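Colleague: Here it is: the structure, laid out below.
The values are calculated or read from the model by the stated rules, or taken from the named source; none is laboratory data. Since the model is a prediction, treat every value here as computed from it, not as a measurement. Backbone-built Cβ (ideal geometry, glycine too); neighbour counts: all protein chains shown.
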Amino acid sequence: MITRFAPSPTGPLHLGHAYSAILAHDIARAAGGQFLLRIEDIDRQRSKPEWEAQIQDDLRWLGLSWDGPVMRQSERLKVYRDCLEKLWTSGFLFSCSCRRRDIEAAASAPQEGVQLGPDGIIYPGTCRLTGAPKPGEPLPDAALRLYMDRAASACSYTEIGERYRGIHAITPAQMIREVGDVVLARRDMGTSYHLSVVLDDAAQGVTLVTRGEDLFEATAIHVTLQKLLELPVPTYCHHGLIRDENGKRLAKRDDARALSKYRAEGATPADIRRLVGL
Ligand code: GLU
């Protein structure tokens with residue numbers, strides 16, 4: 001059993017992160033497995049080394065030790081690029097020059113109607129023809145989208161989180177209709193959350209992905225990519241989100257729930273476990 005905690009260093013860890021990290025850690029330790037740490041810092045604008053240092057410090061304080069070296073996405077850009085290169089050459093990607101407002105305008109044309117998927121508006125298909133790779137054309141420095149109709153296959157994965165427990169089947173028709181041509185490389189990042197997370201989970205040999213329910217819908221994209229790239233499909237455990245007293249989920253900017261604040265006020269790691277119900 002190999003689990004992981006994969007925070008983005010764009011702010012302080014709050015109670016929701018603590019819950020996620022403790023859960024992944026405890027499951028791995030109970031099974032005699034490994035718990036890994038991955039820093040998801042592909043967003044160079046928002047990621048800061050100070051936040052990573054604070055994250056590591058908070059995890060140590062919580063009593064969570066991770067196995068092996070920390071993986072950092074910012075050090076793996078070549079791996080992502082190589083994969084994109086392969087997908088481009090095999091005709092699974094097209095370059096997309098649409099701006100957000102072009103997509104909104106095209107998607108809201110009266111005959112289309114705006115449809116929302118896990119990644120926002122379902123792409124209306126504007127660049128599918130013009131952005132197709134020409135023979136021998138090198139990977140362009142542009143946003144790259146996946147031709148979902150070529151990439152999707154019938155597949156399934158196992159979910160063990162309470163709310164969605166069971167085997168989830170994915171069909172190409174559902175992926176085309178509900179997800180569409182997702183961006184696999186943003187122009188400013190050279191990759192995307194979906195591509196990086198899938199390549200990294202495989203590279204780290206993760207067998208159980210534990211994360212918040214807010215990412216449940218993204219899982220169909222991840223499993224579709226795992227199948228396309230011939231990577232193993234891990235088991236998933238999407239857990240409930242820790243909410244504030246108004247029922248609103250905690251966000252990075254909710255400094256009020258930052259672990260550092262609890263620490264400064266004299267809370268112990270046992271208090272944090274109690275607060276999140278673990
Ligand atoms: N980096 C993501 C976050 O902090 C988590 C990604 C994942 O667990 O798949 O929300």
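Colleague: Check whether at least one residue in region 59-68 is small (Gly, Ala, Ser), touching a residue at least 12 places away in the same chain (Cβ under 8 Å), more than 17 Å from Gly161 (Cβ to Cβ) and within 13 Å of the ligand (Cβ to nearest atom), and report yes or no. Steps first, answer last, please.
Modeller: Taking region 59-68 first, the residues small (Gly, Ala, Ser) are 63, 65, 68.
Restricting the remaining residues to those that are touching a residue at least 12 places away in the same chain (Cβ under 8 Å) gives 63, 65, 68.
Within this subset, residues satisfying the condition of being more than 17 Å from Gly161 (Cβ to Cβ) are 63, 65, 68.
Next, from what is left, pick out any that are within 13 Å of the ligand (Cβ to nearest atom): none.
No, because not a single residue in region 59-68 is small (Gly, Ala, Ser), touching a residue at least 12 places away in the same chain (Cβ under 8 Å), more than 17 Å from Gly161 (Cβ to Cβ) and within 13 Å of the ligand (Cβ to nearest atom).
Colleague: Would you say Pro7 is crowded, with 19+ Cβ neighbours inside 10 Å, within 14 Å of the ligand (Cβ to nearest atom) and modelled with pLDDT under 95?
Modeller: no
Colleague: A further question follows. Quick one: count up the residues across region 28-44 that are within 14 Å of the ligand (Cβ to nearest atom) and within 20 Å of Gly277 (Cβ to Cβ).
Modeller: The number of residues fulfilling the criteria is 1.
Colleague: Specify which of the listed residues (Glu137, Glu159) is under 20 Å from the mean Cα position of the chain (by Cα) and of a type outside the set (A, V, I, L, M, F, W, C).
Modeller: Glu159
Colleague: Pairs please, first residue from region 169-192 and over 14 Å from Leu77 (Cβ atoms), second anywhere and in a helix (DSSP H, G or I) and charged (D, E, K, R), Cβ atoms under 6 Å, 6+ apart in sequence or on different chains.
Modeller: Pairs found: Ile176/Asp149.
Colleague: Tally time: how many residues in region 176-232 are small (Gly, Ala, Ser), part of a helix (DSSP H, G or I) and surrounded by fewer than 21 Cβ atoms within 10 Å (Cβ to Cβ)?
Modeller: 3
Colleague: Does Ala53 qualify as being out of contact with any strand residue (DSSP E or B) (no Cβ under 8 Å at 6 or more places or on another chain) and within 14 Å of the ligand (Cβ to nearest atom)?
Modeller: For Ala53, the condition - out of contact with any strand residue (DSSP E or B) (no Cβ under 8 Å at 6 or more places or on another chain) and within 14 Å of the ligand (Cβ to nearest atom) - is not met.
Colleague: So if I check each of Ile22, Ile27, which one is in a helix (DSSP H, G or I) and touching a Ser or Thr at 6+ places or on another chain (Cβ under 6 Å)?
Modeller: Details: Ile22 fails: touching a Ser or Thr at 6+ places or on another chain (Cβ under 6 Å).
Step by step, each of Ile22, Ile27 is checked, and only Ile27 is in a helix (DSSP H, G or I) and touching a Ser or Thr at 6+ places or on another chain (Cβ under 6 Å).
Colleague: Against the conditions (1) within 15 Å of the ligand (Cβ to nearest atom); (2) at positive phi, where does Ser47 fall short? Just the number, please.
Modeller: (2)
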